[in-house]
Amino acid sequence: TDRGGQITYHAPGQLLVYILFDLKRRSAKIRTFIHDIEKIMLNSVRYYLEEAILNKSEPGIFVKDKKIVSFGLKISKGHSYHGASINVSMNMDPWNEIIICGNNATQAIDLEHLGCNVSLEKLREEIKEESKKAEEDTDESSQISEKNLPQENNENEPSIKNTPVEPVNKLNNLKQRY
């Protein structure tokens, strides 16, 4: 694929969050953008499962050593493509045939198998709320840092401002990294 990984798998019961974002227009830093996306997804899952963790060595969000969220971002010429997939309530059998991220030991799980009965729509709303919080946090931190900077440096300190991340649920024909 064009964003890493060797296989793509999507099925009904997954929530796909496609993030199409113009980083250049928003003067956004790539590292900050990726961190914000990870934080939004992590906080959304933690709303239902507090023990969810972000794994930096094997990108994704895990619960009890099993992957529940996969990331597959691509950034090219200042634009982001692809996004994340969250396993909500799906047939887990096909995952037994997939080597996730090239690691034979990695297993996938969904929210339902962890005892969470949440709809795709409810989770989508949670992601929207987390996106709004991330935008507000960014606006506040930008305002604080702008007050402390000499006037001539403001334009050299890019920040993400007024940049909502709109999750989109598409169950078919989309790709993921893992």
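The values are calculated or read from the model by the stated rules, or taken from the named source; none is laboratory data. On a predicted model such as this, the values are computed, not experimentally measured, just so you know. Protein only, heavy atoms only, side chains kept; ligands, DNA and RNA dropped before computing areas. Shrake-Rupley method; radii C 1.70, N 1.55, O 1.52, S 1.80 Å.
Tabulated values for the structure
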item	result
Taking only Cα atoms of region 14-98, radius of gyration then Dmax in Å	13.8, 43
Amide H partners (placed H, <5 Å) of residue 9, local residues excluded	176
Nearest-10 value in Å² for the accessible area of residue 19, using the 1.4 Å probe	0
Cα gyration tensor shape of region 63-102, rounded if a/c is under 1.5, else prolate or oblate by comparing a/b with b/c	prolate
HN-Hα J in Hz across region 30-46 - Karplus 6.51, -1.76, 1.60, θ = phi - 60°, x for Gly and Pro	4, 4, 5, 4, 5, 4, 5, 5, 4, 5, 4, 5, 4, 5, 5, 5, 5
